[in-house]
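Presented below is the structure to which this report refers.
The values are calculated or read from the model by the stated rules, or taken from the named source; none is laboratory data. Owing to the predicted nature of the structure, the values given are computational and were not obtained by experimental measurement. All accessible areas refer to the heavy atoms of the entire protein, side chains included, with ligands and DNA or RNA removed. Shrake-Rupley method; radii C 1.70, N 1.55, O 1.52, S 1.80 Å.
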Amino acid sequence: MSDRFALTGARIFDGADWHDNASLVVKGDVIEAILPTGAIPSGVSTVETGGGLLVPGFVDIQVNGGGGVMLNDHPDVASITTICRAHAPFGTTALLVTLITDTPAITAAAIAAGAEAAREKAPGFLGLHLEGPHLSVARKGAHDPALIRPMTDADQAALIAARKQLPVLLTTIAPESVEPARVTALAKAGVVVSLGHSDTNYATATAFAEAGATVVTHLFNAMSQIGNREPGLAGAAIDSGLYAGIIADGIHVHPATMTLALRGKQGPGKIVLVTDAMATIGTDMTSFTLNGRTIYRKDGSLRLADGTLAGADLDMISAVRYVHRIVGLELDEALRMASLYPAEAIGQAHRLGRFANGTAADIVGLSEGLDVRNVWIGGRKLFGA
């Protein structure tokens, strides 16, 4: 295929508006324009999509694994590539491969692998999300409490150094284990700081937002909840400009709770869809291990032997369908929650989550029933006939 082509025959969503009787023109690895179908320049090859929808590729800022692989078990470039490839058939064209709380050696290996994947331009790899180890044991979830610890000067320096090697670096921390000044230093260095796995109160969470935190990790899960006299971290996430990830699988958060959060969320930060996906995505495996503990796949969820939820058995197009069909959001808003809003949350909306001249040619072709039919990353087809 030519490096300049037009996708025709589908309804196009550019991240803000819908376009009918239009074509999406791609030049190399970027979007060139959305044009009336009759106005495609001569010499531009056309690709008929057969109807359906063309939407911006999904951006997932919390992906622990996929294709049978967990980054924790194999912190190398091959695993990163496998994870990214496993999520492409579900519409995810850019993701933060996530390392769950682990040892300093595993963390260093994951950072080195991420830096190499970035240099190799692994399709779909956007950067790393280091979820821990600087969390609260009281809200550990499936994280190994023996590996949770306070942030030190060396940890802070390592994160700042890692950011220089990665396109995006997000880290989830709890105020119980990190001082506000460290958050400020990380944010100034370009690290996206997210609050999560924390039992902190509303006032402290708000203070950490003022110090530089801009995101909250998996809203309502592994955090202090909204009470009548203490709104907790969940309340701070909604009553603030913070972005907040949410796992829309019908297991982690009740749809009525999602609806309340969406109605109450204050801007400019939005609620964004995350999968918190594990190794199971794209496989038929029924169990796997994390930090030496077995996680079981059953009835749409992933759990430790004691019943603790351990990530999610969720892909992004399923999350989009859930908030559209079950929660009741308009399709355009559901799509923005999977593309534009997460791109904004990590400072990448200038090139991801929307179609405009010069944005990445990360494109998902959907059927009218919201099944993924085709996926392009950087103008190259990664999935579909």
Percent of beta bridges antiparallel (DSSP, the chain, rounded to nearest 5): 50
Descending Cα extents along the principal axes, the range 162-294, whole Å: 44, 41, 26
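Among bridges DSSP assigns within the range 239-337, what percent are antiparallel (round to 5)? Let's see the in-between values first.
Working: 9 of 14 bridges.
Roughly 65 percent of the DSSP beta bridges within the range 239-337 come out antiparallel.
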The range 283-385: mean projected area of Cα convex hull, nm²: 9.0
Rg/Rh ratio calculated on Cα atoms of the range 2-74 (Kirkwood radius): 1.15
10 Å binning of all Cα-Cα separations within the range 262-321, expressed as whole percents from 0 upward: 20, 43, 23, 14, 0
C-alpha center-to-center spacing [the range 17-76, the range 108-123] in angstrom: 23
Placed amide H near LEU302: partners under 5 Å, 5+ positions off or other chain: ALA310, ASP313
Per-residue SASA entry for LYS265, accessible area with 1.4 Å probe, Å² rounded to 10: 40
Mean ellipticity per residue at 222 nm, deg cm²/dmol - from DSSP H runs of n ≥ 4 across the chain, formula -39500 (n - 2.57): -7500 deg cm²/dmol
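Roughly how many percent of the accessible protein surface of the chain is carbon and sulfur, given a 1.4 Å probe and a whole-percent answer? Mind showing how you got there, number by number?
Working: 7470 of 14420 Å².
That fraction is 52 percent.
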For the range 4-9, Karplus couplings with θ = phi - 60° (6.51, -1.76, 1.60), whole Hz, Gly/Pro x: 10, 8, 10, 8, 10, x
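Counting residues in the range 70-123 as N, plug N into 2.2 N^0.38 Å and put the Cα Rg over that result.
Numbers: Rg = 10.9 Å, N = 54, 2.2 N^0.38 = 10.0 Å.
For the range 70-123, the normalised Cα radius of gyration is 1.08.
Could you order ASP276, ASP306, ASP29 by accessible surface area, starting with the largest, using a probe radius of 1.4 Å? Present the calculation step by step, with values, prior to reporting the outcome.
Values: ASP276 10, ASP306 120, ASP29 95 Å².
The ranking, largest first, comes out as ASP306, ASP29, ASP276.
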3J(HN,Hα) from dihedral phi, the range 50-59, Karplus parametrisation 6.51/-1.76/1.60, rounded to Hz, x for glycine, proline: x, x, x, 10, 10, 9, x, x, 6, 10
Amide proton proximity set for VAL97, modelled H, under 5 Å, gap of 5+: LEU126, GLY127, HIS129
5 angstrom amide H check on ASN374, placed H, neighbours 5+ away: GLY365
Pairwise Cα inverse-distance average, inverted: Kirkwood Rh of the range 1-132 (Å): 16.5
Rg and Dmax of the range 204-262, Cα atoms only, in Å: 11.2, 33
Accessible area per residue in Å² at 1.4 Å probe, computed on the chain: 37
Estimated Rh, the range 321-365: Kirkwood, alpha-carbon pairs, angstrom: 11.1
Quarter of the Cα convex hull surface for the chain, i.e. its orientation-mean projected area (nm²): 17.6
Where only alpha carbons of the range 229-293 are counted, the Rg and the Dmax (Å): 15.3, 45
